[in-house]
1. In segment 690-794, if the dipole is taken from +1 on Lys/Arg beta carbons and -1 on Asp/Glu beta carbons about the Cα centre, which of Ser761, Leu707, Leu778 is farthest to the positive end?
2. How do Ser589, Ser473 rank by accessible surface area computed with a 1.4 Å probe, from largest to smallest?
3. How far, in nm, would the chain grow between Thr734 and Ala114 when pulled straight, counting 0.36 nm per residue and subtracting the alpha carbon separation?
4. Could you work out how far apart the two model spin labels at Lys304 and Arg537 are, taking each label as a point 7 Å from the Cα in the direction of the beta carbon, and quote it in nm?
5. For segment 717-734 and segment 198-220, compute the distance between their C-alpha centroids and round to whole Å.
6. Here is the link list: Lys741/Lys784; Lys587/Lys677; Lys305/Lys556; Lys583/Lys787. Which ones come out longer than 30 Å on Cα distance?
7. How would you order 256-267, 216-227, 722-733 from highest to lowest mean count of nearby Cβ atoms within 10 Å?
8. I need the peptides 637-645, 140-148, 689-697 ranked by packing, meaning the mean over residues of other C-beta atoms within 10 angstrom, with the highest value on top.
Amino acid sequence: MMKTVSLQMDKTGHFIKLITRFLLQQNNFLILISAFLLGKSNIAGMLSLGGAFFAASYAGPGMRLVTAAAVLLGAVFQGSLEAVYINAACMLLFCVLSIPMKRSNERMNIRAAAILFVSMLLPQLMLAGLRGFLLYDVLVSFFSSFLSFALYFIYRISIPIMSGSLKKALYGNEEAISAGLTAALILSGIGPFQIIGFSLRNVLCVLLLLLLSYKCGAGAGASAGAVIGLIISISSEFSPSIAGTYALCGMLAGILGNLGRVGAALGFILGNMVLAVYFNGASETLLYLREILAASVMFFSLPKKLLERLTDPFARGQALEDRKGYSRRIRDITAERLGKFSRAFLELSKTFGEIAQTAVPSERQDINVLFDRVADRICSDCSLCMHCWERSFYDTYQVMFQVVEKLETKGRVEESDIPRYFIDKCPRINDFVNAVNNMYELFRVGVVWKSKIGESRAVISRQFEGMARVIDSLAEEIDTEVDFLSPLEDAIAAGLRSEGIKARDVIAYRGLWGKYEVSVLHGGCGGGRKCAAVIDRIVSDAVGRKMARTEEGCVKGADGSCCLKYMEAENLKLTTGIARIPKYGSKVSGDSFTFLESGNGKYTLALSDGMGSGYGASAQSKATVGMLENFLESGFDKEMAVSLINSVLVLRSDEDNTCTIDISMVDLFSGEVEFIKIGAAPTYIKRSSRVETVRAATLPAGILPGLDAELARKDVDSGDMIIMVTDGVVDSMTGDEPGEKALMKYIQQLDSLNPQQVAASILDEAVRRCDGKPFDDLTVMAAKVWKRPQQSSG
């Protein structure tokens with residue numbers, strides 16, 4: 001007997017635990033209370049708020065029966081047989097018609113809403129038929145069914161918020177409006193129930209409005225107040241003007257909400273008092289002060305953590321929208337100003353370009369100036385001046401042209417170079433010869449400097465053009481509409497929450513190059529770095545691609561928060577090797593190199609060979625590589641950077657001031673490589689079965705003012721190797737066959753996958769063929785292309 005009793009008690013205890021767990025799981029008790037109150041609400045007569053709520057919560061199989069029971073129980077408490085009939089018939093029809101639906105997506109939501117429309121319409125049309133099919137009853141039936149259709153979507157948004165299953169860190173306007181409207185409809189089901197003279201419905205409505213106004217601001221307070229007031233007026237004896245009262249009170253509560261809870265409560269009371277004075281205390285327009293005070297006391301009594309949990313998702317969502325709007329305005333203003341700067345620099349570029357083209361006068365103008373200066377210095381006070389320059393002007397002019405021909409041929413003119421008849425006629429022939437030589441020397445110096453000035457102006461014009469392009473590119477980047485990825489943000493926030501990491505903000509978007517970028521602001525790891533690794537995994541899993549944390553790591557905030565930024569990892573990566581040796585007898589190499597990884601997924605390999613060898617060549621190649629790095633990091637495109645470097649080298653005017661420029665720019669996403677060669681040796685691409693050569697026949701930089709860079713493109717894949725060399729290596733390989741061909745054969749027979757070993761092997765072979773005494777600087781740069789391991793999306 002004792003065993004039987006014990007068994008029965010165990011079963012009863014297990015049943016109680018099951019019920020308790022069922023009610024507490026995902027706030028199911030809140031869903032049931034809402035279903036009961038919505039079933040009890042009598043808004044709009046035959047409108048079944050409970051039936052629509054049941055249809056929206058139908059996706060949860062474990063809740064269907066108890067939700068339907070709660071709705072019917074509420075309808076019974078309403079005291080209307082028609083309400084019981086409509087709710088019961090609507091839910092039964094919806095269950096039957098929804099049997100074919102299995103999945104829950106956007107199209108299924110529309111189908112479910114349409115089924116709800118039919119399920120609501122048929123029972124009401126049957127009632128209308130019993131009443132004689134009056135037009136009014138038919139119209140009411142269609143109107144109620146249409147409202148149920150719309151309420152279905154509102155409930156579908158609100159129910160996950162109520163149950164806590166909505167995996168979003170921030171709620172947008174759609175969620176806030178839907179949750180507020182649903183809450184107002186639920187509170188309308190309380191009816192005129194009072195506790196010691198206080199209307200529970202009115203007190204809770206005021207409390208709800210205080211919460212929304214306090215955290216979400218005046219706009220949300222006014223909107224929520226209008227909705228709550230309208231619903232209260234429909235479901236009770238209040239006049240529709242009560243909606244304006246709630247709206248004004250909510251707006252003032254939001255305005256004064258910056259002063260804290262006291263400010264929000266005072267704003268609400270102030271709004272009610274203003275209307276009391278204006279309407280002379282009309283009771284149908286005002287709220288009872290005692291109910292406002294009761295709601296304010298409850299508002300003050302709420303724990304801070306509970307208040308933040310209830311309102312923060314809505315408040316931060318609104319703040320995020322405001323911040324995005326403000327950022328959009330700043331972005332537009334900045335892009336507009338940068339655009340003006342770009343146009344100004346472009347105009348300066350055109351102006352200097354035009355001046356550079358017209359700065360050097362023509363040859364005829366220079367000759368005339370030369371003649372005028374000689375005549376002014378020697379002939380102006382001569383007694384024969386009028387005879388030579390007026391009566392015999394043609395003969396004198398011919399003599400001057402003969403003098404110019406001798407000057408251009410010899411650089412100077414002697415007395416013997418002048419026609420005899422002019423010598424006999426001119427009493428100042430020695431002074432004339434000296435003046436011509438002096439003036440011509442000055443003329444030659446002037447032409448050189450004018451040419452230099454013209455070249456400088458052309459360089460400045462190109463620099464201004466480059467700056468205009470960079471600024472215009474920056475303006476375009478700033479003005480690009482950022483595509484924020486809200487579903488991805490929600491998925492990352494949910495993953496962090498499941499690991500116990502409190503994310504204050506998650507921002508995910510596609511950048512200018514179409515690549516994913518994610519920022520996570522969280523409370524920090526408490527001095528450790530374990531949570532950073534967890535965040536790395538969650539972000540990559542959510543995106544479905546390998547995401548790499550940026551180099552700056554955790555950016556600390558003033559409040560101890562930590563901001564981690566992630567960018568989509570490239571598909572490819574490069575490992576590099578370098579080997580070089582100076583010319584035999586020289587202490588330094590005249591070759592320079594650099595590796596540069598930019599933020600747009602490009603990896604740049606650059607090699608420069610200065611003219612000659614030793615310290616001079618080293619300084620020249622280092623300056624070239626340094627300028628190239630600065631230009632590329634500043635945003636100049638590669639063609640403009642090379643053009644500017646060439647202009648600078650030309651202006652330095654030393655005859656040995658030239659160097660080669662060899663650039664390989666690898667796209668780490670697509671595998672495309674762009675090659676720019678300015679007087680450089682060939683580049684080799686070693687693939688699994690062959691070696692390809694990239695060459696270009698161009699002069700080194702610093703020789704001609706204008707530079708036409710040749711651009712070649714090749715695709716590389718995992719396992720390929722890019723090998724760049726200076727001309728000394730190619731020349732050293734020359735023997736029975738050309739050095740370029742010999743080097744290609746040697747690269748082909750190399751088996752090593754290590755780029756450093758490959759570079760060292762090539763250099764050793766080149767030195768060996770020079771008998772250990774290289775006659776030029778030798779440099780070999782190798783870069784191996786690897787495929788990054790892909791992140792699984794599971």
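The values are calculated or read from the model by the stated rules, or taken from the named source; none is laboratory data. Keep in mind the model is a prediction, meaning the values are calculated, not measured. Note that each Cβ is placed from the backbone with ideal geometry, even for glycine, and that neighbours are counted across all protein chains shown. Just so you know, the surface numbers come from the protein's heavy atoms only, side chains and all, with ligands and any DNA or RNA stripped out. Shrake-Rupley method; radii C 1.70, N 1.55, O 1.52, S 1.80 Å.
1. Value computed over the given set: Ser761.
2. Ser473, Ser589
3. 214.9 nm
4. 3.4 nm
5. Cα centroid of segment 717-734 versus Cα centroid of segment 198-220: 75 Å apart.
6. In this structure, Lys583/Lys787 lie more than 30 Å apart at Cα.
7. Highest mean packing first, the order is 722-733, 216-227, 256-267.
8. Answer by packing, highest mean first, reads 637-645, 140-148, 689-697.
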